[in-house]
Amino acid sequence: MDIPYTVTARPDTGLYNAKVGIWLFLASEVMLFGGLFSSYIFLRVGADYPWPVHELGVTLGFINTLVLIFSSVTVLLAWANLKLRNIAKYKLYLFITILCAGTFMVIKSIEYRAKFKHYSVTLTDGTILTGHLPHGYTIEFGEVKSLSLTVAGKTAAIDADPVRHVVPWIKGELPKFKTESGNLISLDATSFQQLKNEAKQKATEKAKNDGLKEIPNWTIKLVPEKSLTFVLPPSQLLSRPQPGATAISFRDGTTAEGIMINDKMILEADAVDLRATPDKVKSIAWNEHYLGSAWKKVFIEKRDHAIAEFNERYSDGKGGTTRDPSKSATHQKHMFYFKLDAEDHDKTDSHTGSPHKAEASVPSHDAEANSGHQHPTVVLDRKDIQFFSNFTPKLNSYYAIYFTLTGLHGLHVIAGALVLAYFLFCNNKMMRDDPERLANRVEVGGLFWHFVDLVWIFLFPLLYLL
Amino acid sequence: MSAAHTQNNDHGHDHHEPGFIGKYVFSTDHKVIGIQYAITGLLFLLFGFFLMLLMRWSIAYPGQPIPGFDLVSKVPVLGWLFNEMIGRWAPGGVVNGELYNMLGAMHGTIMVFLGIVPLGFAGFVNFVMPLQIGTIDMAFPRLNMWSYWLFFVSGVGMLASFFLGTGSVQTGWTMYSPLASTTGLAVTNVWMHGHTWWLLSMVFNISASLLGSVNVITTLINLRAKGLTWMRMPFFCWAMFIVAFLLLLAFPPLEVAALLQFSDRVFGSSFFLPTGLMEGGQHLDISGGGSPLLYQHLFWFLAHPEVYVLILPAFAILAEVIPANTRRPLWGYKAMVYAGLTLGFLSFLVWAHHMYLTGMGTMMSTYFQITTVLISVPSVILLTGLMISLYGGSIRFTPQMLFASAFLPMFGIGGLTGLPLAFTFIDLALHDTYYVIGHFHYVVAPGTIFALFAGVYHWYPKATGRVMNDFLGKLHFWPSLVGMNLIFAPMFIQGMGGFHRRWYDGGKYFEQTHSASNWFTELTSKFFGLFGMDVPNNLLGLNVLMTFGAVILMLGQVPFILNFWLSVKGGKKVKNDNPWDCTTLEWATPTPPPHGNFTFDIVAVRGPYEYSVPGMKQDYFPQWESEPGKAAEPASVNTKVVPTPHH
Amino acid sequence: MADNPEAIYGAIRKIKLIGWLLAVFTVITVALSYVELASHSWNIIVGMIVATFKASLVALIFMHLNHEAKLVYKILAFTVAFALALFILFYFSNTDPLVYKDF
């Protein structure tokens, strides 16, 4: 039983089935990316922060563009050579295409990785510091005298599971715990299961005795032999603790009361952004225990330099400028955003006549240099931090749409490469018996591949350049 | 084409017969897939209806235990399922706000995405369309199987979300952000969350729809039988063609919306969250900078065309059922085709009339009011075509015709009550009230669902070789008609009284609801008084009436379920392959159609609705016959051949 | 598409040429983005014009839309119309030109 028009075109439409199918599929893909691009437009038009321009690595994006264009050419050459029955060349070109897809994804993952490790911290006055967290970000919560666990009476979203969600964060050795009945247990899977069973039994009894319609939740109190200290990233808690919090709840609902010992963030700052700070000169960032007045001086110098440059460049000859400085996003960035590089700092030092510029005691020398640059380390108080995130979708709507667009595009690259690899490696029988049909397949696969290229042609300038 | 067909006839039976699993479970045959879709869809409709019954109980009798709750809980397997899905949220059998929200969200989702679309579009189009265009299968049979099983996974995912610790999603079927982006995030594992499962299930559902619609359109474009030109195609195929385009082009933006909301919930982004958003007096740990309006735009860009995805299959089915039962050609076939195409086009440009209350700006509102009023024109043309088709017919009142004739006024009520909502100034008052609920339920419940029933009765003999019982069919129809109207008509009154759609207690705790009364509430109160029931003479009293209607509707479905299953073996056998004396190609196949469908090389020689042709002895003239009783020769068809473009 | 060998050899030459053109225009896009035009909006407009030109090359030559069956154009015309409706209406829902500023 054969479906008609799988190889030859139907006379009145001029198309074979798969070609109608792929164009319809591409039409729906146009709408998919249309939805994403219109979201991009919506978010950009409505953004209440300066939209990043040239912030991503242009070089990597540029190389990736060339890789995709090259692969678009090779997939066509593969198809043409199959039509000419140059099988060896066909295979070579298709293989190169798949290799290009791999290269594209490797470059993409290098880009992504760098962003996962890079952090941005918004201070309470709107100043943004970006940089790396050499020691990660963990809080230390101590003096915990008891844990209270809640065993749910029915299947619930939060049910005590301390072995997975509490124990791993205890600093030092795991002590023994005293239960309400006075037993001394080590909190592991088996002993907790036992505790949980007991709790459920008690809850069931209570429900029976009180005539309750459903089994209530049951709270277990555990007292450690010595007071506990937890060291953990705040993301492991149900909610981010406020400054000076006296209780924390873990993701399984277990709560611990104690004292916040340390919730400072050690940031190796590489840039400061003052565009959203109302009073740039009085920013928290210039506090003596943060960047300090030396960096403030660098900032003022850089800002004045940017203003002078702008005035010179757009001078209208009558003392004014041909451009409104408040409306030039580039100028705003030149004035209020700058990279924290210790060399600048040293330069200012030498400028002011410090004789030992190399040994000058500046904060930047405390930290190990990451990539040849030297960055000052600041220890941020929890109360000064309004929001922080690494450069992931959480950071702002630009990175959110960047990751969604490129991630979805990446998925398309992978899917396309898999399909082409299937043609290359699994369709050898068809290549011998019915090469025309395989050529149709490669043509259809190629159409999808060009579409992926086409999307990237818009993505690259929109996200990287403009 | 003919070469391929001849080959089929010669070698069609040489194939290795697939086993039970290949034949009925992972089948690539369009008819089996169609039946799979239809039965899954019917089961989901039933389940969605069951959820609605629980909601109606809570609305009419808030705080009172569901009757039979303890009894159901004790049934061995069913009781466990019931308890794990629903019972554990209803302490003592009382539906609380939390459970009501789950029921509401899932009722909408299941009815729209897992009930009506799979049955009305996928089920009917898969079973009927390839037969109607005279081909052996869909263009991509294996893709077809994949789309059914993707849909199946999405259905299982939705149902399974009831069993999770969080229960299923609770934010309405529209999943409006920011509420839907931020609620219930304080859980142990965000991946085991009803909302996450809803979003992922939707991605599966959307993928299934996309694959299905690609398949349908390709089949219609490339596999029509010889002689079946576009304008000889039955209206059924035209309507399904339009629906497939709506699914193809409107669903992707919803996929975007689902992905972005997923990102908001799981990765903490702020696509739909504005700057400075607070919850419980505290700033959320988000960057902000997004907009809830973006979600609504993306959502309604699908959800408005979705309305036509729900209603066009109804028109498709009725365009076949009505001519067959009035023995008259479909009135205004061409006008209906063009109206359908216009409707499909315009349906993409009206979406934001669901968003007047968001304050999206004067220009946008003006634009969307204009297009919304425009789209009522093709809708009216479609309905008028069907209505005029009745005129002068000699009507056979089979069950399918009863449902078809009830559809016309019911859809009319639904459509006309929608007109006022097209204007901002009225919509501002009626937005999110029961008036809106009444309006769209009149369109899809006694509208689309009645048409789907008509379709089931109409094509059942083709699928099984037996006719469904006539008496049980009528016993199904009348209670359904009465029940539907008792549920939905009072909603208009309550809605204009300001009743909000999401009150789990039906408005009991709002003082104003107790004072409004009119002749209808008085009548209701007096009617129930006859039976010794104390129903207050105010708008709240109507809740009891509507719940009463829902029970009638429930009882009305019992004969249908019996009829549907018992007729497979016990129904009356059909007298020939064309039991209703129809004209379209699906009735030329053996009954039930074998794998490969046609036993001869079929061609179409005339239009689809040649009923009561003057001067003919029989009152129908099938598309495939050159003269009564004789199939046309393929060679006799002279189709204009357009040369292939040369490169 | 082309079935005789000469036509295919011709097509191969064309494909390579277009490949080079695309690479050159990518360099132009990057270079243009560093030039400060009258306002940043102009940078976006110019950048999008170049991108659209590149995309048309891919669509017309690589995806051979310059000689495709009529039906494909019909499908794509509707799709592009709806996608444009998305862009334009989304844009205007954030910038309402009919707002009464005096209120």
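The values are calculated or read from the model by the stated rules, or taken from the named source; none is laboratory data. Small disclaimer: the values here were computed from a predicted structure and weren't measured. Positions of Cβ are backbone-derived with ideal geometry, glycine not excepted, and every protein chain shown enters the neighbour counts. Note: areas computed on protein heavy atoms with side chains; ligands, DNA, RNA excluded. Shrake-Rupley method; radii C 1.70, N 1.55, O 1.52, S 1.80 Å.
If I take R0 = 41 Å and measure r between the Cβ atoms of A:Ala421 and B:Thr229 in this structure, what FRET efficiency does the formula 1/(1 + (r/R0)^6) give, to the nearest 0.05?
Taking R0 as 41 Å, the efficiency between A:Ala421 and B:Thr229 is 0.50.
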### Volume per residue that the Cα convex hull of the protein assembly as shown spans, once the total is divided by residue count, Å³
221
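What is chain B's relative contact order, in percent, from Cα pairs under 8 angstrom and six or more apart in sequence?
On the way: 1043 pairs, mean separation 95.9, N = 647.
It rounds to 15 percent for chain B.
For an R0 of 51 angstrom, estimate the FRET efficiency from the Cβ-Cβ distance between B:Asp619 and B:Asp534 and round to the nearest 0.05.
On the way: r = 57 Å, r/R0 = 1.11.
Once the sixth-power term is evaluated, E becomes 0.35.
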### Summary
Dimensionless Rg/Rh of chain B, both radii on Cα and Rh by Kirkwood, sits at 0.98
### Query
At a probe radius of 1.4 Å, what is the per-residue accessible area of B:Leu164, in Å² to the nearest 10?
20
### Query
In nm, to one decimal, how far is the modelled label at C:Leu60 from the one at B:Ile370, with both set 7 Å along Cα→Cβ?
3.3
### Computed log₁₀ I(q)/I(0) - Debye formula, equal Cα scatterers, no solvent, the stretch A:146-257, q 0.14, 0.15 Å⁻¹
-0.59, -0.67
### Query
What does a probe at A:Asp48 reach in the stretch B:160-190, counting residues whose amide N is under 19 Å from the point 7 Å along Cα→Cβ?
B:177-182
#### Entry: Farthest positive-ward along chain B dipole, Cα basis, beta-carbon charges - from B:Leu298, B:Leu284, B:Phe69
B:Phe69
### Task
Tally up the carbon and sulfur contribution to the accessible surface of the protein assembly as shown as a whole percent, 1.4 Å probe, everything protein left in place.
64
## Note on the structure
Among C:Gly10, C:Leu37, C:Leu71, the residue whose Cα sits farthest towards the positive end of the charge dipole of chain C, when +1 is placed on the Cβ of each Lys and Arg and -1 on the Cβ of each Asp and Glu, is C:Gly10
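Quick check for me: using +1 on Lys/Arg Cβ and -1 on Asp/Glu Cβ, what's the dipole size of the stretch A:146-257 about its Cα centre, in debye to the nearest 20?
Working: 15 positive and 12 negative charges, 19 e Å.
Using only the charged Cβ atoms, the result is roughly 100 debye.
Given charges of +1 on the Cβ of Lys and Arg and -1 on the Cβ of Asp and Glu, with all other atoms neutral, how large is the dipole of chain A about its Cα centre, in debye to the nearest 20?
Values: 50 positive and 48 negative charges, 238 e Å.
I would put it at about 1140 debye.
Sort A:Arg85, A:Arg164, B:Arg232 by accessible area with a 1.4 Å probe, largest first. Could the numbers behind the result be given before it?
Working: A:Arg85 105, A:Arg164 160, B:Arg232 70 Å².
The ranking, largest first, comes out as A:Arg164, A:Arg85, B:Arg232.
In a shell of Cβ-Cβ distance under 15 Å around A:Met31, excluding A:Met31 itself, what net charge do Lys and Arg (+1) and Asp and Glu (-1) give? List each step's numbers first, then the result.
Working: positive: none; negative: A:Glu29, B:Glu255, B:Glu306.
Net local charge, A:Met31 excluded: -3.
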### Message
Working only with C-alpha atoms, what are the Rg and Dmax values of chain A, expressed in angstrom?
### Response
30.7, 92
#### Entry: Net charge of neighbours whose Cβ lies under 14 Å from the Cβ of B:Pro313, counting Lys and Arg as +1 and Asp and Glu as -1
-2
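What is the gain in length, in nm to one decimal, between A:Gln332 and A:Lys200 on full extension, counting 0.36 nm per residue of separation less the C-alpha to C-alpha distance? Provide the component values of the computation, followed by the final result.
Details: separation 132, 0.36 × 132 = 47.52 nm, distance 6.23 nm.
Gain on stretching A:Gln332 to A:Lys200: 41.3 nm.
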### Query
At C:Ala85 and B:Leu566, where each label point lies 7 Å from the Cα along Cα→Cβ, what is the point-to-point distance in nanometres?
4.9
### Query
So how much accessible area does A:Glu214 have, in Å² to the nearest 10, using a 1.4 Å probe?
80
### Query
For B:Leu555 and A:Lys154, FRET efficiency with R0 = 35 Å and r from the beta-carbon atoms, rounded to 0.05?
0.60
#### Entry: Area buried, chain A against chain C - accessible surface, total, 1.4 angstrom probe, square angstrom
4600
### Query
Which residues, if any, in the stretch A:241-281 have at least 20 Å² less accessible area in the whole protein complex than in the isolated chain, probe 1.4 Å?
A:Gln242, A:Arg251
### Summary
Per the rule of 0.36 nm per residue minus the C-alpha distance, extending B:Thr599 to B:Trp478 adds in nm 39.6 nm
### Within-13-Å neighbourhood charge of B:Phe528 [Cβ basis; K, R +1; D, E -1]
-1
### Message
I'd like the orientation of helix B:141-160 relative to chain B: the angle between its Cα long axis and the longest Cα principal axis, in ° from 0 to 90, rounded to 10.
### Response
20
### Query
Taking one equal scatterer on every alpha-carbon of the stretch C:1-63, how large is log10 of I(q)/I(0) by Debye at q = 0.14, 0.21, 0.25, 0.28 1/Å?
-0.51, -0.82, -1.00, -1.12
#### Entry: Farthest toward positive dipole pole in the protein assembly as shown [+1 Lys/Arg, -1 Asp/Glu at C-beta], among A:Gly211, A:Ala269, A:Leu68
A:Leu68
### Summary
Shape descriptor, the stretch B:202-256: equivalent ellipsoid semi-axes (Cα gyration tensor, sqrt 5λ, whole Å, largest first) stand at 26, 10, 7
### Euclidean distance between Cα centres, the stretch A:1-55 to the stretch B:587-612, Å
36
### Query
Label A:Val163 and A:Ile261 with points 7 Å out from Cα along Cα→Cβ: what is the distance between them in nm?
2.7
